[in-house]
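All remarks here apply to the structure that follows.
The values are calculated or read from the model by the stated rules, or taken from the named source; none is laboratory data. In this text, all values refer to a predicted model and were calculated from it rather than measured experimentally. Glycine also receives a Cβ, built like all others from the backbone with ideal geometry; neighbour counts cover every protein chain displayed.
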Amino acid sequence: MKTSILALALVAGLAACSAPAETTTEAPVDAMAADVAADTGVYRDLGGEATGPVYREAKADTLAVSGFDVVSYFTGDGVPVEGAEEFTVRYQGYDYRFANAENADTFIADPAKYAPAYGGYCAWAIGANDALAPGDPQVYKIVDGTLYLNFNEAVSERWNKDIPGFIASADTNYPTHSAYEHYQD
């Protein structure tokens, strides 16, 4: 009987020692994001919900911009490069890859600045036809600090004929589309 009571007391003491202490301060947001990132295998998880559809190769895929580093469009010689899996940042439920930690950190500081317009769908298709067509990460233009992708070079030439008009139409059309309408069930 004494052994049982002693064992019970020991278990209770261990449980009390391993329970987290109650505090009145909250953990910093960055610390929480780092913990989430460690659990998911991504460099950082910024959270948030997508505000519209994001193009990816398959419905269940979460890789945005076919894995290209969206910061690379804005830096150096402006030639996009593919990102590395180890520098994946999850933003609004989608995974953006970066060539290095510096680019990942740049994106983390202001993701809306670097994420492509219209979720990486073709800017001309959404503006001219109110349609979701894949954007090719190699066919792009930066206009007023925003990255726009187009389906191919021929479509890009059409888009170049009235960029402000297509952007105005696309800004109206894009929010009316659901996240999964582009994909077959």
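Can you pull out the residues in the stretch 61-106 that are farther than 17 Å from LYS141 by Cα and in a loop (DSSP other than H, G, I, E, B)? Once the filter is applied, which keeps residues that are farther than 17 Å from LYS141 by Cα and in a loop (DSSP other than H, G, I, E, B), the stretch 61-106 yields ASP61, THR62, GLY83, GLN92, GLY93, ALA99, ASN100. Of all the criteria given as (1) surrounded by fewer than 17 Cβ atoms within 10 Å (Cβ to Cβ); (2) modelled with pLDDT of 95 or more; (3) within 18 Å of the chain's Cα centre (by Cα), the one not satisfied by GLY93 is (2). Contact map, the stretch 158-185: first residue in contact (Cβ under 8 Å) with a residue 12 or more places away in the chain, second residue in a helix (DSSP H, G or I) and β-branched (Val, Ile, Thr), Cβ cut-off under 8 Å, separation 6 or more or different chains; pairs are SER169/ILE126; ALA170/ILE126; ASN173/ILE126; TYR174/ILE126; HIS177/ILE126.
A single member of ILE163, ILE142 is surrounded by fewer than 22 Cβ atoms within 10 Å (Cβ to Cβ), under 27 Å from GLU49 (Cβ atoms) and modelled with pLDDT of 95 or more, and it is ILE142. For ASP130, indicate whether it is out of contact with any strand residue (DSSP E or B) (no Cβ under 8 Å at 6 or more places or on another chain), at pLDDT 95 or above, surrounded by fewer than 22 Cβ atoms within 10 Å (Cβ to Cβ) and assigned to a loop (DSSP other than H, G, I, E, B). Yes, satisfied.
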